[in-house]
1. Compute the distance in nm between two label points, each set 7 Å from the Cα along the Cα-to-Cβ direction, one at Gln93 and one at Glu231.
2. In whole Hz and in residue order, list the ³J(HN,Hα) couplings for the stretch 429-444 that follow from phi through the Karplus curve 6.51 cos²θ - 1.76 cosθ + 1.60, θ = phi - 60°; x for Gly and Pro.
3. Looking at the stretch 488-587, which trypsin sites (Lys or Arg not before Pro) are in a loop (DSSP not H, G, I, E or B) and have at most 14 other Cβ atoms within 10 Å?
4. Could you work out the local net charge near Asp456, counting Lys and Arg as +1, Asp and Glu as -1, over the other residues with Cβ closer than 13 Å to its Cβ?
5. Under 16 Å Cα to Cα from Lys612, which aspartates and glutamates show up? Leave out anything in the same chain fewer than 8 places away.
6. Output needed for the stretch 432-493: three equivalent-ellipsoid semi-axes, defined as square roots of 5 times the C-alpha gyration tensor eigenvalues, in descending order, whole Å.
7. Treat every Asp and Glu Cβ in the chain as -1 and every Lys and Arg Cβ as +1, leave all other atoms uncharged, and give the resulting dipole magnitude about the Cα centre to the nearest 20 debye.
8. Using a Debye calculation, one point per C-alpha and no hydration shell, please list log10 I(q)/I(0) for the chain at q = 0.08, 0.09 Å⁻¹ in order.
Amino acid sequence: MAANTTTMETGTDSNNNLYFPPKDIVRKANVKEYETLYQQSIDDRESFWAAEAKKLDWYKKWDKVLDDSRKPFYKWFTGGKINIVYNALDRHQKNATRNKLAIIWEGEPGDVRTFSYHALNREVSKFANILKAMGAKKGDVITIYMPQIPELVIAMLACARIGAVHSVVYGGFSVEALAERIHDSQSRILITADGGFRRGKTTHLKAIANEAMQRSATIEVCITVKRTGEECYMENDRDFWYHDLMLMPLDCKDCKTEVMDSEDPLFILYTSGTTGKPKGLVHTHGGYAVYTATTHKYVFDIKAEDRWWCAADPGWITGHSYIVYAPLINGATIMMYEGAPNHPYPNRWWQMVEKYGINILYTSPTAIRGLMRYGASWANRHDLSSLRLLGSVGEPINPEAWKWYHEVIGKNRCPIMDTWWQTETGGFMITPLPIMPLKPGSCAKPFFGNEIAIVDDHGKEVQQGEEGNLIIKNPWPGMARTILHDPQRYVEKYWEKYQQQGWYLAGDSARQDADGYYWVIGRIDDVIKVSGYRLGSAEIESALVSHPAVTEAAAIALPDDLRGNIIHTTVILREGIAPSDKLADELKEHVEKEIGPIARPAFVIFADKLPKTRSGKIMRRVLKAAAMGLDTGDLTTLEE
Ligand code: WTA
């Protein structure tokens, strides 16, 4: 196939399984052509990014687009002064966007709140002033642990406005996960809520936060938003209600947006890696703003009249980049929903698409598969004609789910943008554009400025169609700059393997087909993706080992039709403790309490020994093969 975007036709080509975008989408697209522009962006990467950066508002223009003098610690737009919040809020106050809806939010019980750009700016200013009054300063790390309510976005923006660094911990995480992240970042301020609504029940975030604060003693001030109204313990001098503080007679109107260096940190986001401790990846004000805004505008073809819905949680990178920052910079209207997609019925999302006239929906394969189970009739009850584009992220989308999404939700007229990227990349790296022919299950081609390759362990490009390590050959503005307090680990994890060539190792395996389309297969390390959420086997293992009955544990991922992966664990018990179904259940509960419901193992198997290499590394591939009833393969390195 020639990816010739000028001769595209509406509809599908069943022979090649190619899906062509409708003509009017191509005609109106923000980017009308890919190959030439892509080539230019590669030939002169810095000019490409400088041109995009100019579209943002800077207090002072940069001196240098890219500083690569300390590889792999790249810097972008050095010498430039900017604040991402100035671009997300302040600049919109000067024109008609101030009257536009910034956020439409619906709670799971059905309550609705909306914020114009003006109102959002006012709330953010007010809360930023309160944070300052509480002693928050530029450079401080502030932990945010909240359900998906507007105050979560307000809190993030308020931190960024005063130059504080936010560290959002996903509201589905539990005590140990939160305590560990607070401790690692040495955060003094925590912003949380009493709880949230999920599947008709309430979550108890403040109770979890209280226990985490006990385990990790750095928090001096905790601000709690009242969401569920359930009673919760508040400690004198430490705990404050958000609504009380917001009534304080501070000068609430204005809080000056702090002038930041382009490379100043904007946030830390913890993500799971191969080893135990989660990594606090650091993203910056300048490069991240440029990268997220550009990818969002081009890939999702953002128009002034669009209502954009990224149905992720702000607690993950998808939410940071594409619920909060990129859409606000681009002046879009953001849809947010607090709860579960199937509550009270499996038409909840489709009802909201119709009610709010959503134009673009961006979600995960696991959510699609989950809704697909209930059949098309739930979606067919609703008028989904406002939809123009769809998106997918988090794991490979199986062609069956892709086709259902395309047919039943997109009515065969909405191209699906299957975007491949990571917490580390900040924004989309490999992705279609709305003008490209699509192949179900492929994330298509590199975004502008990016050179991608599939290589073997020695750095040699594999044959076309063969599987290998996915690498990125170049720096890009949205890249994470380092791991908090651990630059060495940043180098080891991402850059050491192909140090000579200076390539970034993504940790995924993939292949490229004859048309240049990429097909991501999955992780090559011990990262487990459950329902698109990222967990490390080591985290689950340490949670198990923290239980008094367990001495050793191994966690692996098994494929699952609905969730992508489920967690399978093998544990060795302490001397004298007998295995039982009751204990297995207790261990599952324990992991859930320590890390969160997403980490709950589907299986706990008791064993006397774990398969290990002579150097003592657990051979997870042997466990996996055994659990799946497959051949265990070459066991020559197995110790016993
Ligand atoms: C996987 C999420 C296939 C991949 C934004 C990556 C995908 C990991 C896709 C990062 C996709 C993400 N197709 N796999 N479109 N998008 N992944 O950090 O394994 O939570 O390395 O970032 O998700 O997960 P993270």
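The values are calculated or read from the model by the stated rules, or taken from the named source; none is laboratory data. What you see is a predicted model; the values in this text were computed from it and never measured. Note: ideal-geometry Cβ built from the backbone for every residue, glycine included; neighbour counts use all protein chains shown. Note: accessible area is taken over every heavy atom of the protein model, side chains too, but ligands, DNA and RNA are not part of it. Shrake-Rupley method; radii C 1.70, N 1.55, O 1.52, S 1.80 Å.
1. 4.2 nm
2. Listing the rounded values in order: 10, 10, 6, x, 10, x, 8, 8, x, 10, 10, x, x, 10, 8, 6 Hz.
3. Loop-located and lightly packed - Arg574.
4. Surrounding charge for Asp456 is -1.
5. Output for Lys612: Asp526, Glu541, Glu552, Asp634, Glu639, Glu640.
6. Semi-axis lengths for the stretch 432-493 are 26, 18, 10 Å.
7. 1580 debye
8. Log10 I(q)/I(0), no solvent term: -0.57, -0.73.
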